[in-house]
Structures are given as structure tokens and as C-alpha cells.
Amino acid sequence: MHRLATLCLAFLLGGAGSAQQSAATGVTPGEFIVDPPTLINLGFEWLIDGDANRNAKVDVSYRKAGNSAWTTGMPLLRLQGERVTQPNVFALVSPNMFAGSILDLEPDTAYEARFVLSDPDGVSGPAANATKTVTVRTRPEPKPAVGGKTYHVYPVGHTGPKTEPAFTGIMCAYNYYCGAGDTAPGGRPRVKPGDTILVHAGTYAYRYEQYANQTTINATTTFEGTYYLTADGTAEKPIVIKAAGDGEVIIDGRGNFNLFNVKAADYNYFEDITFRNTGIAIWAGTQFIAGSKGLTVKHCKFDQVGMGVFSNYSGSSNFYIADSRFLGRNDPKHLTGWNGAFWEQFNGVEGQAFPPIMASYTAIRLYGPGHVVAHNYVADFHDGIDTEMYGMPDGSHANEGPAYPPREYWDRRPVSIDIYNNYITNAHDNSIEMDGSMHNIRIMRNVLINSASHPMSTQPSAGGPIYWIRNIVYHAPGGSTRMTAGSPGVLFYHNTVTTETSAGSSANSHWRNNLMLGQDTAPAIFSVNTSTSYSSSDYNGFRPNPGAAASFRWIVAPFAPPTPGAAPAAAAAPPGFATLAEYAKATRQDLNSITLDYDVFVKVPKLDRDPKNVQRLYDFKDLDFQLRPGSAAIDRGVALANVNDRFAGKAPDLGALEAGQPVPNYGPRH
């Protein structure tokens with residue numbers, strides 16, 4: 001039986017003070033919103049009026065539909081007027097609301113979720129309005145439908161037997177007509193919802209630079225070599241393009257700009273395909289113009305590509321990208337950053353150039369709601385997995401307002417996005433970059449290794465909550481975290497971070513149960529700049545850098561609107577604290593946190609920024625981040641409902657891995 005008294009997370013996140021004052025201290029419930037469900041998580045938002053003193057809370061419980069017992073969930077996060085400001089790009093103000101998620105559910109399962117709003121100053125209106133109970137079903141994993149037609153595709157030069165109906169080239173099966181030369185656009189889709197194209201083993205590579213009406217030379221588009229897919233499937237009946245199972249299927253772009261364009265094709269599905277030698281392998285959307293919904297990519301390989309899957313269209317939604325490998329074209333032998341004097345010293349060393357050539361940009365880059373990116377392997381890109389920074393969400397405007405999108409635009413917001421169990425290595429910049437993302441963003445159980453600059457990035461987030469839960473960071477010589485322009489609502493729970501953390505510009509952000517051990521990238525192990533007095537940190541484990549004059553900083557600087565035309569004020573040297581005890585006493589943060597060292601792990605060597613070693617690329621299989629029995633990180637955390645319910649000792653352990661629990665699977669599951 002757990003002996004630790006569970007510290008109420010709502011109290012930890014509530015605090016005193018307010019970014020925006022209101023006349024009413026009591027609370028009035030408003031509209032309740034269910035975000036698009038994903039496979040294992042559900043997100044919710046609850047608008048309110050009042051509660052100027054920020055002491056209202058929303059308690060959460062849930063159960064499978066039909067069960068009698070309720071399980072306690074995380075309380076919703078309180079948002080109220082936090083600001084995101086970047087000249088001409090962001091001028092966003094968070095609504096007066098609550099938002100939050102229920103995590104780690106079962107796919108394709110109905111759940112009842114109950115939300116109880118309370119406030120010591122009173123809840124206005126009928127008592128029934130203070131409780132919301134909804135039934136929501138998680139999404140199933142996409143799969144081919146039963147009963148559709150099947151078309152077989154073979155490569156040019158195939159001489160063996162064929163299963164009918166048989167075609168030479170994917171577009172010849174997808175459309176009624178395929179060709180090259182001027183006739184290439186003449187085909188219209190043959191495939192219907194539920195149909196499957198089985199692609200047989202071989203390499204599909206066309207000479208798109210030649211003008212010819214022969215499909216043996218080119219069965220894509222003239223000059224581009226792009227497969228334009230324009231037929232719509234449905235969530236239950238996607239249009240499937242998958243390997244037939246008789247050997248590897250390679251679609252080779254031969255260096256073209258874009259291999260597959262699916263901007264006009266909803267619910268298309270790729271499985272067991274290798275995409276090779278192209279700029280953008282699957283282009284699924286363009287900002288303000290067009291984009292697809294329901295794209296599925298499973299068990300695929302992206303080899304020598306500039307970008308794997310890309311859509312920055314706000315109407316793109318509910319992608320599922322899983323169990324795939326993304327291999328970029330950047331230097332696979334050296335870790336290097338894209339800017340800064342530190343990395344310039346490697347210019348010319350072993351053939352390196354500085355700034356490095358960005359042969360590959362981002363493996364997966366998305367915008368819009370409901371996306372799931374899980375169990376992928378990503379290597380040798382500038383960034384690993386990103387949301388598009390985008391700027392102000394649709395319906396709002398940085399210069400002309402409004403400061404938050406009106407209700408009719410909410411289906412285009414980047415909310416309810418899951419990034420979990422991915423393995424990302426060798427990034428010039430950020431392993432995961434959730435810039436511009438808004439509410440109920442869940443980044444969980446990822447390995448972020450060999451990241452030159454800030455593997456955990458929200459520059460900026462646009463509301464929150466943005467959950468970083470149980471991620472492991474190793475070899476990040478530029479520091480762990482990038483937060484700019486106010487970045488509100490970012491929550492760091494149970495992460496293991498072996499480098500310094502600096503939250504440069506944040507609001508309403510909270511740290512619990514993390515391990516933070518230095519790599520000598522900066523003197524301070526933990527430095528926070530926040531515009532809200534209710535940001536908080538506690539129950540963490542720190543390894544300060546020996547001899548640092550200032551190991552901890554916690555600076556509260558309330559938001560002040562810039563004066564038009566005025567030069568920015570020179571920043572004063574921030575105060576710092578040499579020890580955890582001094583910092584905790586002065587700030588009242590991290591009162592229950594501890595100091596420790598690398599000996600808490602089974603096998604994790606300490607790193608530094610020594611130029612002799614800093615470009616080395618490490619392999620996660622050579623490390624062991626499990627906690628040693630009896631180490632200082634055991635039983636030192638705080639109970640967080642729906643995050644660490646299964647802890648076995650007196651209290652949860654610190655960091656990403658609970659002692660005695662299986663290590664998660666990072667990367668593809670096959």
C-alpha cells in the first residue's frame with residue numbers, strides 16, 4: 001500500500017497571483033470541449049469566467065464505459081491570460097479556461113470521463129453545471145478494410161507470373177490512365193474507399209527528366225517525377241498502398257524534389273514501402289492552401305530524404321505515423337550544431353563544413369489536430385519530429401487581432417497531438433520541436449540522444465498543457481530545453497535529462513519528478529525565467545556542476561507590453577544561487593528536491609563539451625538508465641495521478657524509469 005500522501009497536483013499548479021485580473025473571484029462554467037481523440041490519449045478544454053484569484057480547480061476521473069469504479073486523473077491545468085509575444089509573428093493571449101488530458105488508455109475503447117469544477121469563492125449557476133460527464137472513444141489503429149478491390153503492381157522489367165488485375169507502376173493502378181509527357185495529368189482515380197494496391201518487390205525509379213509517353217520510362221509526372229494521389233478514402237476504409245510481401249519495395253525519386261503528393265487525398269495509407277532519394281518523400285499539406293486528413297504511414301523506411309512526412313496545413317488532421325525508420329542525409333559520423341562559435345571550430349575537420357550543409361531538414365513536420373507519431377527511428381536530420389511553428393493560429397493575427405482564434409476556427413488548431421516511444425539521434429538542432437502547438441500536446445517516453453541544440457523545444461508553445469513525460473535526454477551539449485516568447489503551459493514530469501536546463505522565457509510552467517544532471521554546457525544546472533508567479537518546481541533530483549558560482553536561477557518577471565519604437569532595455573545580470581538549499585529558501589521552489597550524481601544509474605557516463613569527444617555519436621543500447629537499487633533517486637518523487645500510478649515503493653522514483661518496471665520499447669516495434 002502506498003504510504004506517501006499524494007500531493008494534490010491542482011494545488012501545486014494553482015498558486016497565488018494572476019496574469020490578468022477580473023472582477024469576479026468566483027467561477028462561472030462555460031463551454032466544455034472534447035478535443036479530437038487519439039489512440040491512447042484524450043484531451044479536454046473547459047472555458048470559464050471569473051476566478052481572478054486562480055483558486056478554482058477541476059478534478060478528473062475516468063473509467064471504461066460500463067465499469068463501476070472510477071480512476072483518478074490529472075487535474076486540468078488552469079490557463080488565464082498568459083501571453084506569447086514575438087514581433088509580427090505572435091501576440092497570443094490564453095483564454096480563461098482549463099485544459100488537460102487523460103493518458104495511456106486503450107485504443108478503440110469507450111471511456112467515461114468526469115470533470116468536477118470547484119472554487120472556494122463559489123461556482124455560479126445550477127450545481128449541475130459544475131460537473132461534466134462525457135463518453136469518448138479512443139481511435140483505433142488504422143488498418144486496411146475488408147471487402148475492397150485489390151490491384152497488383154509490378155516494376156518495369158518484371159518477367160515472372162502476375163496476379164490480376166496487374167499493372168506496371170503505382171499510378172497505373174491508382175488511376176484509370178497513366179502516362180508521361182503532356183498526358184500525365186489526364187488520369188482520374190480508379191481506386192475507391194477500401195481498395196488496396198499491393199506493390200510487388202522491386203525498385204520503382206523513373207526517368208522523369210525525359211519527355212516520353214512510355215510508362216516504362218516514366219509513369220509519374222513529367223519533369224517532377226511526383227506521384228500525385230487525389231482519391232479520398234475514409235477512416236474506416238482507407239485507400240491502401242502496401243508491399244505485397246514478396247520482397248522489399250523501393251520507390252526511388254532519383255533526387256527529385258517531391259516523391260508523393262497527397263495534399264488532395266484524405267485517408268490514404270502506406271505500409272512497408274521504402275521511399276528513397278528525394279527531397280520531400282510525402283508532402284501532405286501547404287500552409288493556407290491545401291492538405292490531407294487521416295494519412296497513415298506504417299512500417300515504412302525513408303532513406304536519404306530531405307523530409308519524410310510534411311504538412312503545415314492547419315486542416316490536416318489525424319495522421320498516424322508509426323513503426324517507421326527515417327534516415328536523413330546529414331553527416332552520420334559527427335554531431336554538429338548549425339550555429340555558434342563552439343561548433344565553428346570543427347570547420348574543415350575530417351571534411352566537415354561550418355555552417356553544416358542542411359541536406360536534410362525534418363523527418364516529420366506537421367500541423368493541425370489529432371496527429372499520432374509513435375515508435376519511429378529518426379537519424380541524421382536538422383530536426384527530428386516537429387510541429388510547424390506556423391505563427392498565430394488561423395482566425396487570429398499578430399498585428400490586427402484577435403489574440404486567440406474565434407470558436408469557428410477551433411477545428412484547425414494544433415491540439416491533441418501525441419509523440420511517443422520514438423528514438424531520435426543526431427540532430428543539428430532539436431530532437432522534438434513543438435513550436436506553435438497549443439493544447440493537450442503529449443510527448444512521452446522518447447529517447448532523445450545526440451542532439452546538438454536543445455532536444456526539447458517549445459519556442460514558443462501557444463497555451464498548454466504541453467506534456468513532456470518520461471523522456472530520456474543524453475548528449476545534448478547545447479542544453480536540454482528551448483523556451484522563448486513566453487512559452488506558456490509546459491509541464492515536465494519524470495524526465496531524465498543529462499544536461500543543463502534553461503527555460504529562457506516561460507509562463508505557467510511546472511517541473512516534477514525529473515532528474516537533471518549537468519554536462520557542463522553552462523554553469524547553472526537549472527535556470528528559469530517566467531512571467532508568472534504560479535510557475536513551480538519541486539521533487540526533482542539535481543547534479544549541479546562542481547564549482548559553479550550560480551547553480552540555480554528562478555526569475556519572475558511579469559509581462560510588460562513593449563513600448564512602440566523603444567529600444568529593448570538591457571537585461572540585468574540575473575541573480576543565482578550556489579546551492580540547492582539557498583535557492584529553495586529564497587524562492588520557495590524545489591523544497592523537496594535533492595542533489596545526487598550519475599551513480600544513481602546502472603550505466604550512464606557523464607559527458608562534457610570537450611572538443612575531443614563532443615562530436616561522438618552514442619548508441620542507447622550501450623547505456624542503462626535504470627536506477628541502481630537503493631540509489632538516491634529511489635522513492636523521492638511525488639504521486640501524480642495518471643502519470644505514476646504504478647510505483648512500487650514508498651513513493652515514485654525520480655526520472656523516466658521507475659525501478660522494477662519494464663524499460664519501454666523505443667523505436668519501431670518490429
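The values are calculated or read from the model by the stated rules, or taken from the named source; none is laboratory data. Keep in mind the model is a prediction, meaning the values are calculated, not measured. Reconstructed Cβ throughout: ideal geometry from the backbone, glycine too, with neighbour counts over all protein chains shown. Only protein heavy atoms, including side chains, enter the accessible area calculation; ligands, DNA and RNA are left aside. Shrake-Rupley method; radii C 1.70, N 1.55, O 1.52, S 1.80 Å.
What the table below lists for this structure:
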item: For the chain, share of DSSP beta bridges that run antiparallel, in % to the nearest 5; result: 25 percent
item: Counted charge near residue 375, where neighbours are those whose Cβ lies closer than 13 Å (Asp, Glu -1; Lys, Arg +1); result: +1
item: Point-to-point label distance, residue 592-residue 24, nm (Cα→Cβ direction, 7 Å offset); result: 3.4 nm
item: Of 242/263; 64/192; 132/237; 298/621, those spanning more than 26 Å from alpha-carbon to alpha-carbon; result: 64/192; 132/237
item: Column: log10 I(q)/I(0), Debye, Cα scatterers of the stretch 53-183, q = 0.12 Å⁻¹; result: -0.73
item: Which of 400, 658 is most accessible, then next, and so on - probe 1.4 Å; result: 400, 658
item: Residue order for 46, 554 - accessible surface, 1.4 angstrom probe, largest first; result: 554, 46
item: Table column - 3J(HN,Hα) (Hz), the stretch 131-147, Karplus curve with 6.51, -1.76, 1.60, x for Gly and Pro; result: 10, 10, 10, 10, 10, 9, 9, 5, 6, x, 5, x, 8, x, 7, 9, x
item: Charge dipole (debye, nearest 20) of the stretch 103-234; +1 at Cβ of Lys and Arg, -1 at Cβ of Asp and Glu; result: 520 debye
item: Option label - Cα Rg over 2.2 N^0.38 Å computed here, alternatives [x] 0.98; [y] 1.06; [z] 1.19; result: [x]
item: Charged-residue dipole, Cβ positions (Lys, Arg, Asp, Glu), the chain about Cα centre, Debye nearest 20; result: 680 debye
item: For the stretch 573-635 versus the stretch 93-135, the gap between their alpha-carbon centres in whole angstrom; result: 36 Å
item: Burial ranking of peptide ranges 225-238, 354-367 (average Cβ count within 10 Å, highest at the top); result: 354-367, 225-238
item: Solvent-accessible ranking of 300, 178, largest area first, probe 1.4 Å; result: 178, 300
item: Relative contact order, percent, the chain [alpha-carbon distance under 8 Å, six or more residues apart]; result: 10 percent
item: Length released on extending from residue 65 to residue 619, taking residue separation times 0.36 nm less the Cα-Cα span; result: 195.2 nm
item: 3J(HN,Hα) from dihedral phi, the stretch 359-374, Karplus parametrisation 6.51/-1.76/1.60, rounded to Hz, x for glycine, proline; result: 5, 9, 9, 9, 5, 9, 9, 9, 8, x, x, x, 7, 10, 10, 9
item: Within the stretch 59-92, chymotrypsin sites (Phe, Trp or Tyr not before Pro) in DSSP loop having at most 15 other beta-carbon neighbours inside 10 Å; result: 70
item: Rounded accessible area of residue 532 (nearest 10 Å², 1.4 Å probe); result: 10 Å²
item: Burial order of peptide ranges 212-221, 501-510 (average beta-carbon count within 10 Å, highest first); result: 501-510, 212-221
item: Computed helical MRE - 222 nm, the chain, DSSP H runs ≥ 4 contributing -39500 (n - 2.57), nearest 500; result: -500 deg cm²/dmol
item: Charge sum, other residues only, whose C-beta stays under 10 Å from residue 113's C-beta, Lys/Arg counted +1 and Asp/Glu -1; result: +2
item: Three-way shape call for the stretch 315-451 based on the alpha-carbon gyration tensor, with the a/c threshold at 1.5; result: oblate
item: Cα extents of the stretch 122-239 along the three principal axes, largest first (Å); result: 75, 32, 22
item: For the chain: accessible area per residue (Å², 1.4 Å); result: 38 Å²
item: Charge sum, other residues only, whose C-beta stays under 11 Å from residue 466's C-beta, Lys/Arg counted +1 and Asp/Glu -1; result: 0
item: Positive dipole terminus of the stretch 22-174, leading residue within 52, 111, 123 (C-beta point charges); result: 111
item: Globularity index of the stretch 415-527, i.e. its alpha-carbon radius of gyration over 2.2 N^0.38 Å; result: 0.93
item: Solvent accessible area, Å² - residue 666, 1.4 Å probe, full protein context; result: 30 Å²
item: Surface accessible to a 1.4 Å probe, residue 286 within the full protein complex, Å²; result: 30 Å²
item: Mean Cα-pair separation over length for the stretch 112-165, i.e. relative contact order, pairs under 8 Å, 6 or more apart, %; result: 30 percent
item: Charge-dipole axis of the chain as Lys and Arg at +1 and Asp and Glu at -1 on Cβ define it, positive-most pick from 155, 431, 186; result: 155
item: Selected from 453, 288, 626, residue furthest toward positive end of dipole (the chain; charges at beta carbon); result: 626
